[in-house]
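A short reminder: the numbers here are calculations on the coordinates, not readings from a lab. As the structure is a computational prediction, the values presented were derived from the model and not from experiment. When we count neighbours, we look across all protein chains shown, and the Cβ atoms used for this are built from the backbone with ideal geometry, even at glycine.
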Amino acid sequence: MRRQLLPALIMVLVFTVVTGGIYPLVVTGVSQVLFHDKANGSLVERDGQVVGSRLIGQPFTEPGYFHPRPSSAGDGYDGSQSLGSNLGPTNDKLLHGQQDDPSTPDVDESFEGIEQRVAAYRAENGLPAGTPVPVDAVTGSASGLDPHISVANARLQAPRVAAARGLPVERVQRLIDEHTDGRDLGFLGEPGVNVLELNLALDRL
Amino acid sequence: MSSASWLQFAVLIGLLLVTAPLLGRYMAKVYGDDGKVPGDRVFLPVERLIYRLCRVSPHTEQRWTVYAFAVLGFSLFSFLLLYAMQRMQQWLPLNPTDMPAVTDHIAFNAAVSFMTNTNWQSYSGELTMSHLTQMTGLTVQNFVSASVGMCVMAALIRGLARRRASTLGNFWVDLTRTVVRIMLPLSFLVAIVLVSQGVIQNFNGHTAVTTVEGATQLIPGGPAASQIAIKQLGTNGGGFFNMNSAHPFENSSPFNNLVENWAILIIPSALAFTFGRMVGDKRQGRAVFAIMAIIWAVMSLAAMGLEGNGNPQLDDIGATQAVTAEQSGGNMEGKEVRFGSAASGLWAASTTGTSNGSVNSMHDSFTPLGGMIPMLHMKLGEVSPGGTGVGLNGMLIMIILSVFIAGLMVGRTPEYLGKKIEAPEMKLVVLYILAMPLVVLGFTAASVLMDSAVASQNNPGAHGFSEILYAFTSGGNNNGSAFAGITASTWWYDTTIGLAMLIGRFFLIIPVLAIAGSLARKQPAPATVGTFPTHTPLFASLVLGVVAIVAGLTFFPALALGPIVEYLSL
Amino acid sequence: MTSMSVQQPRRIGGGLLDPKQLWRSTPDALRKLNPATLWRNPVMFIVEVGAAFTTVLAIVDPTVFGWLITVWLWLTVVFANLAEAVAEGRGKAQAETLRRAKQGTVARRLHGWTEGADPAAYGEESVPATELRQGDIVVVEAGETIPGDGDIVEGIASVDESAITGESAPVIRESGGDRSAVTGGTRVLSDRIVVRITRRPGESFIDRMIALVEGANRQKTPNEIALNILLAALTIIFLLAVVTLQPMAMYAKAYQAAAPDTAALNQDGVTGIVLVALLVCLIPTTIGALLSAIGIAGMDRLVQRNVLATSGRAVEAAGDVNTLLLDKTGTITLGNRQATEFLPIAGIPAAELADAAQLSSLADDTPEGRSIVVLAKNLYQLRAREEGVMPQASFVPFSAQTRMSGVDIAENGTTRRIRKGAASAVLRWVRDNGGRAADDVGSTVDGISSTGGTPLVVAEQLEGQPARALGVIHLKDVVKRGMRQRFDEMRRMGIRTVMITGDNPLTAKAIADEAGVDDFLAEAEPEHKLALIRREQEGGRLVAMTGDGTNDAPALAQADVGVAMNTGTTAAKEAGNMVDLDSDPTKLIQIVEIGKQLLITRGALTTFSIANDIAKYFAIIPAMFGDVYPRLDRLNVMRLESPTSAILSAVIFNALVIIALIPLALRGVRYRPGGAASLLTRNLWIYGLGGIIAPFIGIKILDLVVRFIPGISG
């Protein structure tokens, strides 16, 4: 029995070298050669300046840009703190929001519930009361870094964006079509509009 | 469900049906007693070198006790090294973000978690672990803890296949061959595919960028792809980033998602075929795979459908969850647009039917019944198709239990593959069956009594109860997925979930090895018409019934007070 | 003792349950409430502890509901004890009869007896049979009861063994050879025998039988132990589920603080009575209550068929048997060759051959000889002439030298000599007496031999004429009726039958084909038997065999199930693990069925018991939490009246189902020989699906009644 202890120790160390050292280094080497951009985060540049990653959503608040989904990552789209809301489907906080608790001045407990988000979305985009709002526009993603919004969501924002930029709505709608990532291979996943790329395209117009 | 969703489901099954038997055949050769294995020319010299370094004589066979001792010794050193590495990472290189030492209880929990192939994370990867810890600590355990499960499985299969034998193989040989011939080549391939889809693989720290609107955003870096490949293939599930496979840098596209989902399922599925080949009756392997696949399919379709139907309360407050050409619809809280409800539900079932536990959507925010599916799937014992090796082990234990009941009902001393199932085996079987409910129900009950533990909840009432129940279910079954709202990085949860993981791991592995040892010694009885066949639909249904009833009876009260009542009060 | 008629296959039954038996066994059942004995049954022990606990609670806080639950919990334990008591009670009744045979027997013990010694040369004393020791020599004379098991060392006697076998025809027992064993409690009818006692008192067959049927010191069989482990584990799981439910309930209650208190749930959590009720309903009480009754009843069924098993293990092994070794003679065939045909040579009328054959066999008392007489009578209406009616006939007995027998008849002044016997001997006799063997005799003889039969040639010589052969008698082994059908059945059960015979392979094959056995071992000697058994066992098969002779002993010991004939030697009986008092070798088939039935009954009731839990959850869980989470009432699919009536109905159902299943436990689940797959399907439907559905109906019906009890309707 005791004879098994030495191999146990050495084997842990050997595999640490093999799978923890050699393996990731080889993968990194091959990746950096074959897929250099992707291995380094699919970074997007504008005028030679890196402005983000096409895979990581970023906050947009100006009316002339398409807005991403609500995010729980840090203060919103914090790439170093991916996080979802983790609120349960029947939780009042998720559905109807929560006020700040004045007894704890250091912490901000306030939370915008789906009900409030719906109202804000309608107001922002000038939609009449009762207009159904696409669910992705008022729910947080899992990562808090979702780069996409649904096409339906983008369509409802298009008039606002067009108005802010003084563009014809049709032009903006066409741009949405151009920047919609369809289903991979036609059936995998769901179509979505990459917000960063769409907004960059808007700026390029 | 849309036709694209159905197609997605069908294609994944199709992929498995094509690839699993092939990989299964290859692995049967890797674990086989003799004969040449493809790749010997490349792998043999590497293995010989490892044997020499470790002073292992590859031709010495071990009894089950020695085999078990080797497993325990290896696990112990793994734990110690991982714990030490976390506690000392601030002094070690490859720490570009200057992470401090990991807190003691988190380090304990994480070390146990990765050593037991659970990969439960009470910490946030990008905020806690240095690249060195991720790479040489966590990634290594991703490889070896998964491989240990497969070694134990190989030993069990040998126990069933051998006659009047006292030994079950050599753990060191099995471990080396598993890592070198199965895990490393597959991981390398998958990692490169992932990088091609946008999963990062670099040694950068956070890159600060100025966003379009002028804010600063941190873009994380790190050797993610290499870890993610093995995290899925080894059914580990511990993410490189906090949000795991929902994070765009871990799971960038639907195609990428399919590859990872396949990677989660492929090895445990293939092992069913390996089993059939090694016991010399391919029909047995197919039957086991069918049982696994049926449970998985039912759970997948249920989760896909329930999430696709959405949360009725959102409709009431003005959000539309309808499935249209321009939106995927369904309950989108905690889901990524690129995956939608279908790919998220499919993943949720896959990750909990295996001992994977990685998530591409937030189970905590699932609809009540949608969220019950992953929890229930784990409670079934993670046998559909289960963790690498341990899934088949768990399934074989459920089969032995079914055989016992069925054997009685045909008037024979129960036997499986000719080996009689008697009191010593039953003792070991019930040890396993008892251990998991004990930790899951026991720790859950203890937690809801403690105000401090209840305070960790992110949601009130029944849903909060589900969070706690889910946490221990995940730990006790070595899954690692979470109703992630719960703040588990407390002393209490780190310790108890750590214990749950240890019990869940070793109360499966050790009894399984003991059963293997006991079965190996037996002389198999020949099959006659008086022996009921264990490869038929009838027997498969019986196993399904036993799996469902064992879990159902054990956990119905708890589930009734959690997801079921939450659903009923929608 | 050759009661060789083959019983038609009959289903193994166990007799009906007389309701009076329940009543008679009640005192026993109450005695079994003693925790010191009950703890051996962990499931029922838990129920008893629970019942005691609710009793305390009901005394402290008396409610109608509390008391009713308490009473029914106690009844659950009593019912379980009753099942065991009834099973034991039936055995005891049987044992009582046996014991009567044993009581008051006085033994005449001899001192200084040696073989062949004059009775005057040794002394004799009277001692109670219970004081006999192994090796004591006793004498038993006509009208006396044999005081203990032993071997006859001197003398021959007819013995009435009806006390243990129920067979009224006396049997002959004599010293030496394979029929020397006698059983204590049987009675000598004629003559005098000297017996060496081979067993200590308390270990004799009768004692063992009594112990078996009473279930005293019953050892749990391996399979029973394995099942008990499973039941214990289920009990622990449910204990865990129920115990952990309490904190969960308190959590729920604290969250829904406004919910009203109920009989099931208040601020302190679930009430103790309801928790215990839930626990008792969930743990496998049905099988826990009936398990030992099933075991006792199984042994009882065996004893009813006059089979004594030295261990329950052997009975279980019988259910697993893969290979059955059967002696040809006596088991498969009627034991003796019989004449089946007269084959005259050309020119001789068959009736003439038959007549000659009959005449020559009149004095032949062997079964073969008698069968010739009978066949002639049946085929040609030739009345058998009595030996004494033919004073002019002088019979020539068979001798090993001549290998033929015959008769010389003085008729009308001439003498007619008839001979029959082995072909070569008779044909030589024909040639010696001036005759010439007809050509077709040889071919007929060869034809019979090649089919495994035995040819006997008949020849005659009239005085002064040359002898001539008349023809050939075809003797063959006659396979008992119904054997083929039984072997087909065995095959369907997955059991391979192997016939053991001393015959040459040709003969053996012919009989094997006719009887329908799967294989045969020809020209078998005892060591061949042993080798065959070892070979089968090497391949993982379980072997059963019957045997009676001393030379069978090693094989009997080696076989997994060795059934010794009671007529056999003590050595054989010692070596085997069962003794068939009827000495009926086909009994093995029934033993196999009983073994299987025992396991099936256990499996079926376990499945039923576990399947029952589903309905009980649906009755109790909504009842417990319906007021905390009103929506949970949607799980009350049976629409039970109130929480209290739901819980009470579940508890009552749980208790009554035990009583309802006692007859099944005693009788055993019906076993039809057939493949495992069809058996499994059938039992899964009946006991699995039935187990799921039955309690839904039962609990609903009980609820319809119970709701009228004041204080229950809630």
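Tabulated data for the structure shown
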| quantity | calculated |
| --- | --- |
| Three-way shape label, chain A, alpha-carbon gyration tensor, a/c 1.5 | oblate |
| Cα-based Kirkwood hydrodynamic radius, the range A:42-86, one decimal, Å | 11.7 |
| Rg and Dmax of the range B:163-313, Cα atoms only, in Å | 20.2, 74 |
| Eligible aspartates and glutamates near C:Lys573 by straight Cα distance, threshold 15 Å, same-chain separation 8 or greater | C:Asp149, C:Asp151, C:Asp178, C:Glu203, C:Asp548, C:Asp552, C:Asp560, C:Asp582, C:Asp584 |
| Sites B:Asp33 and B:Ala455, calculated FRET efficiency, Cβ-Cβ separation with R0 56 Å, nearest 0.05 | 0.50 |
| Residue among C:Gly434, C:Gly494, C:Thr454 farthest towards the positive dipole end of the range C:428-532, charges placed on Cβ | C:Gly494 |
| Separation between Cα centres of the range C:589-637 and the range C:641-657, rounded to whole Å | 14 |
| HN-Hα J in Hz across the range B:75-87 - Karplus 6.51, -1.76, 1.60, θ = phi - 60°, x for Gly and Pro | 5, 4, 5, 4, 4, 4, 5, 5, 5, 4, 4, 5, 6 |
| Positive dipole terminus of the range B:300-396, leading residue within B:Asn311, B:Val383, B:Pro368 (C-beta point charges) | B:Val383 |
| Listed residue (A:Pro59, A:Asn194, A:Pro134) projecting farthest to the positive dipole end of chain A, Cβ model | A:Asn194 |
| Percent of C-alpha pairs per 10 Å bin, the range C:514-601, short to long | 18, 46, 33, 4, 0 |
| Separation of the B:Gln90 and A:Asp47 label points, Cα + 7 Å toward Cβ, nm | 4.2 |
| Residue with peak Gaussian network fluctuation, chain A [Cα springs, cutoff 10 Å], from A:Val50, A:Val193, A:Val18 | A:Val18 |
| Whichever aspartates and glutamates have a C-alpha closer than 14 Å to that of B:Lys522, once near sequence neighbours (fewer than 8 apart) are set aside | B:Glu415, B:Glu422, B:Glu425, C:Glu538 |
| Distant alpha-carbon pairs in the protein assembly as shown (separation over 44 angstrom), percent | 57 |
| Separation in nanometres of the label points that stand 7 Å from Cα toward Cβ, at C:Thr310 and C:Gln485 | 3.5 |
| Size of electric dipole in the protein assembly as shown: Cβ of Lys, Arg +1 and of Asp, Glu -1, about Cα centre, debye, nearest 20 | 2740 |
| Of A:Asp47, A:Asp136, A:Asp181, the one that fluctuates the most in a GNM where chain A has Cα springs shorter than 10 Å | A:Asp47 |
| Distance violations [Cα-Cα > 18 Å] among B:Lys427/C:Lys596; C:Lys32/C:Lys596; C:Lys616/C:Lys700 | B:Lys427/C:Lys596; C:Lys32/C:Lys596 |
| Pairwise Cα inverse-distance average, inverted: Kirkwood Rh of the range B:341-480 (Å) | 16.5 |
| Chymotrypsin sites (Phe, Trp or Tyr not before Pro) lying in DSSP loop within the range C:614-714, provided at most 16 other Cβ fall within 10 Å | C:Phe708 |
| Sparsely packed trypsin sites (Lys or Arg not before Pro) within the range C:477-527, loop by DSSP, other Cβ within 10 Å at most 11 | C:Arg481 |
| Sequence-distant aspartates and glutamates (8 or more away, or on other chains) whose Cα lies within less than 18 Å of C:Lys476 | C:Asp327, C:Glu341, C:Asp364, C:Asp365, C:Glu368, C:Asp446, C:Asp503, C:Asp513, C:Glu514, C:Glu523 |
| Over 22 Å between alpha carbons, listed pairs C:Lys529/C:Lys587; C:Lys480/C:Lys509; B:Lys36/B:Lys231; C:Lys328/C:Lys509; C:Lys220/C:Lys587; B:Lys29/B:Lys282 | B:Lys36/B:Lys231; C:Lys220/C:Lys587 |
| Extension gain from C:His528 to C:Asn378, taking 0.36 nm per residue of separation minus the Cα-Cα distance | 49.9 nm |
| Between the range A:147-205 and the range B:152-194, the alpha-carbon center distance in angstrom | 49 |
| Footprinting exposure proxy for B:Cys151, C:Cys281 (fewest neighbouring C-beta atoms within 10 Å first) | C:Cys281, B:Cys151 |
| Reference-scaled alpha-carbon Rg (2.2 N^0.38 Å with N residues) for the range C:425-581 | 1.42 |
| Chain C - share of DSSP beta bridges that are antiparallel (%, nearest 5) | 75 |
| Debye, to nearest 20: dipole size of the range A:22-167, +1 on Lys, Arg Cβ, -1 on Asp, Glu Cβ | 780 |
| Nonlocal amide H pairs with C:Glu341, under 5 Å, H built at 1.01 Å | C:His474 |
| Sites A:Val33 and B:Ala208 - FRET efficiency at Förster radius 41 Å, r taken between beta-carbons, to 0.05 | 0.95 |
| Footprinting exposure proxy for A:Asp78, C:Asp261, B:Asp281 (fewest neighbouring C-beta atoms within 10 Å first) | C:Asp261, B:Asp281, A:Asp78 |
| Two-site label geometry, C:Ala350 and C:Asp633: point separation in nm, points 7 Å out along Cα→Cβ | 9.0 |
| Modelled FRET efficiency - R0 30 Å, A:Gln116 with A:Asp75, Cβ distances, 0.05 increments | 0.95 |
